[in-house]
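The values are calculated or read from the model by the stated rules, or taken from the named source; none is laboratory data. Small disclaimer: the values here were computed from a predicted structure and weren't measured. Cβ placement follows ideal geometry from the backbone for every residue including glycine, while neighbour counts extend to all protein chains displayed. These area figures cover heavy atoms from the full protein model, side chains too; ligands, DNA and RNA do not enter into them. Shrake-Rupley method; radii C 1.70, N 1.55, O 1.52, S 1.80 Å.
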Amino acid sequence: GLCFHPAQACSRASVANPFLSYQLALPMITGIAIAMVLCDAAMEKQCSESDATESPAGCGCGSGSLSRGNDEGPVTNDQTQPAVSTMVDVTSNTPSGRSAGGQAPRLLWIPGGEFTMGHDNHSLSPATFYADGEGPSRQVRVSGFWISETEVSNRHWEAFANATGFHTDAERFGWSFVFEKQLTAEADAAASQVVHDAPWWIRVDGASWRYVDGPGSDVLLDGRADHPVVHISWTDAVAFCSWAHADGRLPTEAEWELAARGLPTNLPTNFPSQLVQRETDENGPHIPKKRRHPWGNVLVPKGKHRANIWQGKFPKINTAKDGYAFSAPVKAFGPQNEYGVYNMIGNVWEWVSDFWAIHHSVPRVSDGPLIDPQGPSTGNDRTKKGGSYMCHKSYCYRYRIEARSQNSADTSTGNLGFRCASPTSPSDFGA
């Protein structure tokens, strides 16, 4: 993969031999010529050989540092359609109803509620707490909304592409970022550039939503039609949601967190008791006051895997004890909480609508909670949530509800997808 920030790209050869140094001129990408410089292999050694319980500063799966280098400056906070040249009219085939005619994941209603967003526990993840803006905690109130039951799958994206003729940013640019261990033989032989700070990310020409691992792969023919669609930019995701649902859009970060948290503090009297997810400790069965994961605070309760993350030693060894070395089907592991949502954490990162920021407004107690926060009004990058199959506690401890990361809006990678949301009320769907 190639990170289009100056001095962050290097040749694969320089990773294998850190004494090999040279400069290359890259093609123009979004109007910027980037010079390639020496890749310092010490970063890979520092991160991949770490046995610390938390990742060293600056480490992670590395996808947050990836960008195509769009240098057009901040844009305003609206989920506008991509340029007309990338699509046929995406509004002409909008299915109606919560199931979107089978062309998109079923939508689930999430009742509005008030909760504490973010946290103040720096010791939980020192490497990400300040760098990712996980804190401070603040009270927010979110109105009810619909959210996709699952991540959008390759099968869903195929329906969209066939109906609209839409071309993703990866298809238009002609390349995307692929994890080195997933490369096809053809892609591996042709790849020559990696990311300086994360040399397991490879720029692969021809990689896109269908050809996930590069030329020679095809998710529609190799059994991955029901895996989450990836190599999808923020702009691509917005276009799909607008097409698939009435008032369709990406969820806000606050909406995403509310849906991921599951059971509200005040349990509705008519809520089915068999769906309540409890934990058992020295105090007996109970409902955790605040969950680290959608189902509770224990990552693998009673030895049962609930999410697709990295097991082993990143990025060298993945034991795949959860059953999957890379992505998993969108309905793998069952619903992660009482709302019935699947894979909110793990599997693939998910775009949300908010611009990225690491400093947050904290209302005074007397002012009450923030109401339906939308994030900053301007910015350069967009926020993503949930972590992915490349996350491990020793390296990228971001498979937590409150964890977060970012990419530029035109960036696409092999571990980044999305789900949709809609603010439409239940009565508008006949519910």
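When ASP218, ASP213, ASP222 are screened for being over 15 Å from GLY414 (Cα atoms) and not in a helix (DSSP H, G or I), only ASP222 passes.
Checked against (1) open to solvent by 10 Å² or more (accessible area, probe 1.4 Å); (2) in a loop (DSSP other than H, G, I, E, B), PRO251 passes all but condition (1). Go through the stretch 83-110 residue by residue and tally those that are at pLDDT below 90 and outside any loop (DSSP other than H, G, I, E, B). Looking only at that region, the number is 6.
Pairing residues of the stretch 162-188 that are on the phi > 0 side of the Ramachandran plot with residues that are of a type outside the set (Asp, Glu), at Cβ distances under 7 Å and at least 6 apart in sequence or on separate chains, gives GLY165/MET87; GLY165/VAL88. For the stretch 218-239, residues that are open to solvent by 10 Å² or more (accessible area, probe 1.4 Å) and over 16 Å from the mean Cα position of the chain (by Cα) total 8.
Against the conditions (1) within 27 Å of VAL300 (Cα to Cα); (2) modelled with pLDDT under 95; (3) open to solvent by 30 Å² or more (accessible area, probe 1.4 Å), ASP428 satisfies every one except (1).
Quick grid of which residues meet (1) over 23 Å from ARG138 (Cα atoms); (2) part of a loop (DSSP other than H, G, I, E, B); (3) free of Cβ contacts under 8 Å to residues at least 60 places away in the same chain; (4) not aliphatic (A, V, I, L, M):
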| residue | (1), (2), (3), (4) |
| --- | --- |
| PHE326 | yes, yes, no, yes |
| TYR342 | yes, yes, no, yes |
| SER353 | no, no, no, yes |
| ALA357 | no, yes, no, no |
| TYR389 | yes, yes, no, yes |
| CYS396 | yes, yes, no, yes |
| ARG419 | yes, yes, no, yes |
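Taking the stretch 375-387 as the range and being in a loop (DSSP other than H, G, I, E, B) and open to solvent by 10 Å² or more (accessible area, probe 1.4 Å) as the test, the residues that pass are GLY375, PRO376, SER377, ASN380. In the stretch 151-181, the qualifying residues are those that are out of contact with any strand residue (DSSP E or B) (no Cβ under 8 Å at 6 or more places or on another chain) and within 29 Å of ASN337 (Cβ to Cβ), and the one that is surrounded by the most Cβ atoms within 10 Å (Cβ to Cβ) is TRP157.
Scanning the stretch 195-207 for residues that are open to solvent by 10 Å² or more (accessible area, probe 1.4 Å), in a loop (DSSP other than H, G, I, E, B) and modelled with pLDDT of 95 or more gives a single hit, GLY206. Any residue at all in the stretch 406-425 that is more than 26 Å from TRP310 (Cβ to Cβ), touching a strand residue (DSSP E or B) at 6+ places or on another chain (Cβ under 6 Å) and of a type in the set (S, T, N, Q)? Within the stretch 406-425, one or more residues are more than 26 Å from TRP310 (Cβ to Cβ), touching a strand residue (DSSP E or B) at 6+ places or on another chain (Cβ under 6 Å) and of a type in the set (S, T, N, Q).
Residues that are part of a strand (DSSP E or B) and either at pLDDT 95 or above or within 20 Å of the chain's Cα centre (by Cα) (or both) within the stretch 111-139 comprise just one, MET117. Tell me, please, whether a residue that is crowded, with 19+ Cβ neighbours inside 10 Å and over 16 Å from TRP310 (Cα atoms) can be found in the stretch 358-365. Looking through the stretch 358-365, none of the residues is crowded, with 19+ Cβ neighbours inside 10 Å and over 16 Å from TRP310 (Cα atoms). For the stretch 297-323, the tally of residues that are β-branched (Val, Ile, Thr) and either surrounded by 16 or more Cβ atoms within 10 Å (Cβ to Cβ) or under 22 Å from ALA260 (Cβ atoms) (or both) stands at 3. Remark: PRO363 falls outside the filter, which requires a residue to be assigned to a loop (DSSP other than H, G, I, E, B), at pLDDT 95 or above and farther than 29 Å from HIS227 by Cβ. Could you tell me which of the residues SER148, SER137, SER123, SER192 is polar (S, T, N, Q) and open to solvent by less than 10 Å² (accessible area, probe 1.4 Å)? Just a single option satisfies the conditions, and that option is SER148.
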